[in-house]
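Since every read-out is calculated from the coordinates, none of them should be taken as a lab result. Given the structure is predicted, the values throughout are model-derived calculations rather than measurements. Note: ideal-geometry Cβ built from the backbone for every residue, glycine included; neighbour counts use all protein chains shown.
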Amino acid sequence: MLQIVVPKQELFDESNDTFVQIPETQLKLEHSLLSISKWESKWCKPFLKVNDDDKLTSIEFLDYIRCMTLNANSISKDVYNALTYDNLNVIKNYMNSPMTASTVRDSRSANPYKREVVTSELIYYWMIAYQIPFECEKWHINRLIMLIKICNAKNNPTKMSKRDIYAQNRQLNAARRKALHTKG
């Protein structure tokens with residue numbers, strides 16, 4: 001969970017031609033499957049993009065921050081317009097953080113995330129398929145995706161092709177010949 005403080009500000013509301021007072025406000029944010037699911041149900045498009053060509057608009061991003069907000073019931077909608085540049089950078093850094101020490105070798109079978117358009121429903125399917133408890137929907141999404149990648153890698157170990165096995169054996173034999181100073 002990320003907690004940020006939006007500083008006290010005065011904003012101009014162009015639609016009503018009035019000034020709006022924004023008090024200092026603390027936001028509690030969670031970049032999770034649950035947040036993504038809320039956002040996707042409103043916008044009807046995948047939040048997690050396969051490529052960078054489909055970036056979120058500023059309106060979509062602010063709305064996602066609303067979906068991430070755990071204490072949303074006590075927050076005025078005007079607060080999101082008062083987010084500072086620093087607030088937004090902290091949020092983006094939090095969203096991009098891996099939130100785990102684990103890594104998975106990036107092969108086709110170990111990384112389902114790169115092969116298809118990923119929606120919240122697909123992630124829920126993976127959770128069901130790998131028997132991951134639904135409490136994990138509140139985890140940071142990058143941590144949950146890593147757990148899914150690990151489950152996938154452990155359930156589908158990669159097999160080497162004959163060509164790769166032969167290449168590996170050639171390398172091992174060459175290293176042994178070099179170490180033992182022999183020709184074969």
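Enter the per residue convex hull volume of the chain, computed from alpha-carbon coordinates, in Å³ rounded to the nearest integer. Before the final figure, lay out the partial values.
On the way: hull volume 32.0 nm³, N = 184.
Cα convex hull per residue, to the nearest whole number: 174 Å³.
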Charges on Cβ only, +1 for Lys and Arg, -1 for Asp and Glu, centred on the Cα centroid of region 2-96; of 94, 79, 9, which one is farthest towards the dipole's positive end? 94
What is the helix-to-structure angle for 120-129, meaning the angle in degrees between its Cα long axis and the longest Cα principal axis of the chain, kept from 0 to 90 and rounded to the nearest 10? 50
State which entries of 38/77; 8/49; 38/149; 138/159; 8/138; 42/149 exceed 25 angstrom in Cα-Cα distance in the structure shown. 8/49; 138/159; 8/138; 42/149
Can you run phi through the Karplus equation (6.51, -1.76, 1.60; θ = phi - 60°) for region 84-96 and list ³J(HN,Hα) in whole Hz, with x for Gly and Pro? 7, 4, 5, 4, 5, 5, 4, 5, 5, 5, 4, 5, 8
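Suppose every K and R has +1 on its Cβ and every D and E has -1 on its Cβ; what is the size of the dipole of the chain about the Cα centre, in Debye to the nearest 20?
Details: 26 positive and 20 negative charges, 467 e Å.
Magnitude of the dipole: close to 2240 debye.
Looking at the square roots a ≥ b ≥ c of the eigenvalues of the Cα gyration tensor of region 134-178, which shape do they give, rounded for a/c under 1.5, prolate if a/b is larger than b/c, or oblate? Write out the running numbers ahead of the final one.
Details: a/c = 6.23, a/b = 3.31, b/c = 1.88.
Prolate, since a/c reaches 1.5 and a/b exceeds b/c.
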Compute the signed sum of charges (Lys and Arg +1, Asp and Glu -1) over the other residues within less than 14 Å, Cβ to Cβ, of residue 36. +1
How large is the Kirkwood hydrodynamic radius of region 8-78, in angstrom, based on all distinct alpha carbon pairs? 13.9
With θ taken as phi - 60° and the coefficients 6.51, -1.76 and 1.60, list the Karplus ³J(HN,Hα) couplings across region 142-153 in order, rounded to whole Hz; mark glycine and proline as x. 5, 5, 5, 4, 5, 4, 5, 4, 5, 4, 5, 5
For residue 154, go through the lysines and keep the ones whose alpha-carbon is under 19 Å away, minus same-chain ones fewer than eight residues off. 114
Find the relative contact order for the chain and round it to a whole percent, using C-alpha pairs within less than 8 Å whose residues are 6+ positions apart. 24
Amide H contacts under 5 Å for residue 20, restricted to residues at least 5 apart in sequence or on another chain and with H modeled in the peptide plane, are 11, 12, 13
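Listed highest first by mean packing, meaning other Cβ atoms within 10 Å per residue, what order do 129-142, 161-174 come in? Could you put the intermediate results ahead of the total?
Numbers: 129-142: 14.4, 161-174: 10.1.
Listed from highest to lowest mean packing, they are 129-142, 161-174.
If you add up the charges near residue 171, with Lys and Arg at +1 and Asp and Glu at -1, over every other residue whose beta carbon is less than 14 angstrom from its beta carbon, what do you get?
Values: positive: 163, 170, 176, 177, 178; negative: 164.
Residues close to residue 171 contribute a combined charge of +4.
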